[in-house]
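Only one structure is covered here, and it is reproduced in the block below.
Just so it is clear, none of the values below were taken in a lab; they were calculated from the coordinates. What you see is a predicted model, and the numbers here were worked out from it, not measured in a lab. Here the Cβ is made from the backbone with ideal geometry for all residues, glycine too, and neighbour counts use every protein chain on show.
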Amino acid sequence: MKKIWIVTAAALMLWGCAEPPVQAEEETEAQTETAETEVYEPVYACRTINYYDYEKPVPESEPIEDVYFTDVLMGGDSRMGSLYLYSDLGAKGAEIHYVTSLSLWRIYDAYMATADAPLYDLMISTTRHNIYLLIGINEIRGADFEAWKSELSSIVQELKQAKPDGNIYLILAYHPRYLSDITDEQLAARVEEENQKMREIAKENSIYFIDPDEALDDETGVLREDLTWDGLHLNTEGSQLFADYIASHVVREERYVKEICE
Amino acid sequence: MLKKFVSSVLAVLLLAGCAGGKKADADAETNESAAADIAAEIVNELNMSDSLSAMKDRAVYGAFLGMVYDNEDDLAVVPDCAAYRGSDNSSDTVAVFRTTDAGAVKDKITSYLADQKANSSMYNPDELFKISNAVVETSAAGDLVILVICEEIEPARAAVNKALGK
């Protein structure tokens, strides 16, 4: 009797041990099936890097297509008036506004010669994506450039906020041959001081600046005599040279903004 | 007799005290007004409401004083200011500065006017007369400086003196 129980128990135990392999095989088969149906794709992290150097003026490139200027608004003092009157930028579609004796401080209230609105309002409300600003010559004698820089910086930031997809180009002051009520040495120093402030604003706010001295100056570093009516304002030839310079100094973002995936 | 004399003297002294107090009150009322209110009053007085509009605060600090409007040191010298200018190319201006240093403000205004003259001689010679005859006045307490540039010089001077309680 005892032997029968022992044998029975042994048989039961053997039977119990046999089952798991069946289950393990099923699980293995299931795992294999899963392994065969699931495909694990590698995951990339992508980011955009802007390689543009905002510390430097816009470099020269091939002239931009004329159609670019249909998306441009330009504003400023009487120097911008020369571009308006004598260059082909308007004919290409650029919207150009100016008023003589415009200073930065009057950008909010002085109406343009070309529009019944102040330049600030025109820039903030424009639907054009590329804004060029040429201002500062009327403050060159007496302005405190720290205050001037603070104000222009505020304007730039407000423009960027209003136009996050837009591009802003500050146009540095080209060096006039002479100006009334200021010596040549003082004028050169003041222009350089003002330009340095604009370079700082461009770098601090990641906006572009262009340096027309590169195209307009003689070997002494002042405006070429044959390009100006009065030592400051560009004549017809000077204005077109300036316009051509602008057209060949446009930033093509696709050359500087790259997507990197890792 | 002595009693009547003393009463009369006391009455005269009381009246003198009241008159002096009223003038001081008038000065205090003018000097405590906000620069914007004083500027607006002068603009109305000169019938220039249609041609002038208020400038942005920060532009006032920068344009006339070369100051940064949110700089603590600059605000300590000029805690309040306001100005009106035209939208056209004229030099017409009404500007009021509340200050702790009237001399410094007047120096800044002198530089500003020199700059305006230089620009006008190039672009707008018709404005030279107005700029050259700008009205610049300071309150008796030295805490207010007012600048007016306009065609009507004598009415401008009268309006400024009225605002200053002179």
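For segment A:121-230, the spread of Cα positions along the three principal axes, ordered from largest to smallest, is 40, 28, 23 Å. Available extension along the chain between A:D66 and A:D184 is 38.7 nm, counting 0.36 nm per residue and deducting the alpha carbon span.
Normalised by the number of residues in segment A:105-207, the mean separation of alpha-carbon contacts (under 8 Å, six or more apart) gives a relative contact order of 29 percent.
Each principal axis of the Cα atoms in segment A:169-216 has its own extent, and those three values, largest first, are 35, 20, 12 angstrom.
Given a cut-off of 32 Å, name the pairs among B:K56/B:K162; A:K197/B:K166; A:K92/B:K56; A:K160/A:K258; A:K160/B:K130; A:K197/B:K117 whose C-alpha atoms lie farther apart than that in the structure shown. Violating the 32 Å Cα-Cα cut-off are A:K197/B:K166; A:K92/B:K56; A:K160/B:K130.
Note on A:S154 and A:L85: with the Förster distance fixed at 30 Å, the Cβ-Cβ geometry gives a FRET efficiency of about 0.50.
May I ask you to derive the relative contact order of segment B:34-163, considering only C-alpha pairs under 8 Å and at least 6 residues apart, and to give it as an integer percent?
Averaging sequence separation for qualifying contacts and normalising by length gives 25 percent for segment B:34-163.
If you take the Cα centroid of segment A:214-236 and the Cα centroid of segment B:72-148, the two points sit 34 Å apart.
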